[in-house]
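Chemist: This is the structure, below, for whatever I ask next.
Just so it is clear, none of the values below were taken in a lab; they were calculated from the coordinates. Everything quoted here is computed from the prediction, not taken from an experiment. Ideal geometry is used to build each Cβ from the backbone, glycine not excepted, and the neighbour counts take in all protein chains shown.
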Ligand code: SF4
Ligand code: SF4
């Protein structure tokens, strides 16, 4: 059945166990990386079936990849989990799976459909229906809608004309708009473009791009994920950019793995590997370029949440901190377990609300002990989850994306016409 070479690298030492959020909460071996690796191996060897119980263990994993950071043998657990999920399919009841199937294979690949849904949500938020819906929506569904920030007046729209560098030209880059970032956080995308331009980058945002497919891959849907990956490779690879900039950690981690996703594709394998080398998180790219020193002061004490797919998935930890502490007036206080998952994990907070809320409560306690005035988390899922945590459990702090604060320190400006 499934052939997963990474399974052979595990020496069962158990050093990953205490870094695993689900093991820390439940203290059960099958809910640990080592336990899950045992289970996947047993399935590949035909000793157990890939049944419902197996699927539950595989889906209770957050795909946070903290076990990869802890593992001395270099086991790429994320690849093992993705292969297992491709066998068991998405989580939940048959109805939930049908809905997830629609989202993964119809909604996410279609920028037009995504925009139409976002417009409906905006109408729902602004019509007053949202406040009334508490009375008739199931509690979980209501909470889902309550987690969303107010949708912006206009969404972030790609354009094929490059936006020129401010000052001396130092690089020519392309940028992923991202589906969630473009619709829910258009202002942060615009801030990211301004920060890049301030740092001497011509910025191209190719129109032909689409959703990166990260949610599909993490939930075991690889057929459409490959279509989405090929589309992005075609959109970005030959546009002449020196780097493809991403400001959402989950998207960046997935795009850096396109080479693995398309490794057996005779036409795209080489292109995917080349594309993956171009992908850079915005902080990673700026730190390597040598950022222009921001002049504006931000008198604020912040704490930094490492997005799992940035810290564990891309090993980018120092760069965002260096950029933050370069802002005059801004002070960084580390929280305990800053690289522990906040419980967001794609759609995990919807599919596994109890575990997700347990991890969020723990995270908010860590944040509270820092006495910071704000939280910085450069990933949309973490921002939504921590914003929800701040309103539900406290402390009631604002949550910023790193690029928002950098943009402010560079002086910001009226949004460019993008
Ligand atoms: S995944 Fe790595 S850390 Fe965990 S048991 Fe296996 S070898 Fe040890
Ligand atoms: S990815 Fe995260 S939740 Fe899953 S096994 Fe590894 S540490 Fe545990």
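Chemist: Which shape class applies to region 183-251: rounded if a/c is under 1.5, otherwise prolate when a/b exceeds b/c and oblate if not, where a ≥ b ≥ c are the square roots of the Cα gyration tensor eigenvalues? Spell out each step's value before the answer.
Modeler: On the way: a/c = 2.66, a/b = 1.56, b/c = 1.71.
Oblate, because a/c is 1.5 or more while a/b does not exceed b/c.
Chemist: While we're here: If you wrap region 5-88's Cα atoms in a convex hull and average its projection over all directions, what's the area in nm²? Walk me through the numbers before you get to the answer.
Modeler: Numbers: hull surface 18.9 nm².
Seen from a random direction, the Cα hull of region 5-88 projects 4.7 nm² on average.
Chemist: Kindly rank 251-257, 296-302 from highest to lowest mean number of other beta carbons found within 10 Å of each residue. Don't skip to the answer; put the middle values down first.
Modeler: On the way: 251-257: 26.7, 296-302: 15.9.
In decreasing order of mean packing, 251-257, 296-302 become 251-257, 296-302.
Chemist: Which semi-axes, in whole Å and largest first, does the equivalent ellipsoid of region 28-69 have when worked out from the alpha carbon gyration tensor as the square roots of 5 times its eigenvalues?
Modeler: On the way: eigenvalues 67, 25, 13 Å².
For region 28-69, the semi-axes come out at 18, 11, 8 Å.
Chemist: Turning to a different aspect of this structure: Whole Å is fine, so just give me how far the alpha carbon centre of region 143-173 lies from that of region 371-398.
Modeler: 22 Å
Chemist: Please compute the length gained on full extension between residue 140 and residue 270, using 0.36 nm multiplied by the number of residues separating them and subtracting their Cα-Cα distance. It would help to have the intermediate numbers written out before the result.
Modeler: Working: separation 130, 0.36 × 130 = 46.80 nm, distance 4.37 nm.
Net length gain for the segment: 42.4 nm.
Chemist: Restricting to Cα pairs below 8 Å that are 6+ residues apart, what does the relative contact order work out to for the chain? Please round to a whole percent. Working shown, then result.
Modeler: Working: 706 pairs, mean separation 61.3, N = 418.
In percent, rounded to a whole number, it is 15.
Chemist: For the residue pair residue 125 and residue 157, what label-to-label distance in nm results when each label sits 7 Å from Cα along the Cα-to-beta-carbon direction?
Modeler: 1.9 nm
Chemist: Just from its helices, what would the mean residue ellipticity at 222 nm be for the chain, if runs of 4 or more DSSP H residues each count -39500 (n - 2.57) and the sum is divided by every residue, rounded to the nearest 500 deg cm²/dmol? Present the calculation step by step, with values, prior to reporting the outcome.
Modeler: On the way: 23 runs with 204 residues, N = 418.
Helices in the chain give a 222 nm mean residue ellipticity of -13500 deg cm²/dmol.
Chemist: Bin all alpha-carbon pair distances of region 94-147 at 10 Å intervals from 0 and give each bin's fraction as a whole percent.
Modeler: Answer for region 94-147: a P(r) of 22, 41, 36, 1 percent.
Chemist: On to the next question. Averaging over all projection directions, find the projected area of the Cα convex hull of region 212-307 and quote it in nm² with one decimal place.
Modeler: Details: hull surface 31.5 nm².
With every direction weighted equally, the projected area is 7.9 nm².
Chemist: So, one more: Classify region 294-341 from the C-alpha gyration tensor, please: rounded if a/c falls under 1.5, else prolate or oblate depending on whether a/b exceeds b/c.
Modeler: Numbers: a/c = 3.63, a/b = 1.80, b/c = 2.02.
Cα axes put region 294-341 in the oblate bin.
Chemist: Give the shape of region 311-372 as rounded, prolate or oblate, defined through the alpha-carbon gyration tensor: a ≥ b ≥ c are the square roots of its eigenvalues, a/c under 1.5 means rounded, and otherwise the shape is prolate if a/b is larger than b/c and oblate if not. Could the numbers behind the result be given before it?
Modeler: Working: a/c = 2.98, a/b = 1.64, b/c = 1.82.
Note, shape of region 311-372 comes out oblate.
Chemist: How long are the semi-axes of the equivalent ellipsoid of region 159-288, defined as square roots of 5 times the Cα gyration tensor eigenvalues? Whole Å, largest first.
Modeler: On the way: eigenvalues 121, 49, 29 Å².
Output for region 159-288: semi-axes of 25, 16, 12 Å.
Chemist: Sticking with this structure for a sec: Could you tell me what percent of the DSSP beta bridges with both partners in the chain are antiparallel, to the nearest 5?
Modeler: On the way: 2 of 20 bridges.
DSSP beta bridges in the chain are roughly 10 percent antiparallel.
Chemist: Relative contact order for region 293-409: what percent, with Cα pairs under 8 Å and sequence separation of 6 or more?
Modeler: Details: 193 pairs, mean separation 37.5, N = 117.
Dividing the mean separation by the residue count of region 293-409 yields 32 percent.
Chemist: Counting only C-alpha contacts under 8 Å and six or more residues apart, can you give the relative contact order of region 87-196 as a whole percent? It would help to have the intermediate numbers written out before the result.
Modeler: Working: 54 pairs, mean separation 27.0, N = 110.
Here the relative contact order equals 25 percent.
Chemist: Starting from the Kirkwood radius over alpha-carbon pairs of region 69-109, derive D by Stokes-Einstein at 25 °C in a medium of 0.890 mPa s and give it in µm² s⁻¹. Spell out each step's value before the answer.
Modeler: Working: Rh = 12.1 Å.
Here the translational diffusion coefficient equals 203 µm²/s.
Chemist: How big is region 1-149 in terms of Cα radius of gyration and Dmax, in angstroms?
Modeler: Gyration radius and largest Cα-Cα distance of region 1-149: 19.3, 57 Å.
Chemist: Could you tell me the distance between the Cα centroids of region 8-29 and region 307-349, to the nearest Å?
Modeler: 22 Å
Chemist: Taking the DSSP beta bridges in region 159-288 as the whole, what percent of them are antiparallel, to the nearest 5? Show your work: numbers first, answer last.
Modeler: Details: 2 of 12 bridges.
In region 159-288, approximately 15 percent of DSSP beta bridges are antiparallel ones.
Chemist: Could you tell me the extents of the chain's C-alpha atoms along the three principal axes, largest first, rounded to whole Å?
Modeler: Largest to smallest, the principal-axis extents are 63, 51, 43 Å.
Chemist: Note down the nm distance, to one decimal, between modelled labels 7 Å out along Cα→Cβ at residue 25 and at residue 166.
Modeler: If labels sit at residue 25 and residue 166, their model points lie 4.2 nm apart.
Chemist: Another one. Can you give the convex hull volume per residue for the Cα atoms of region 261-418, as a whole number of Å³?
Modeler: Working: hull volume 23.7 nm³, N = 158.
Measuring per residue, one finds 150 Å³ for the Cα hull of region 261-418.
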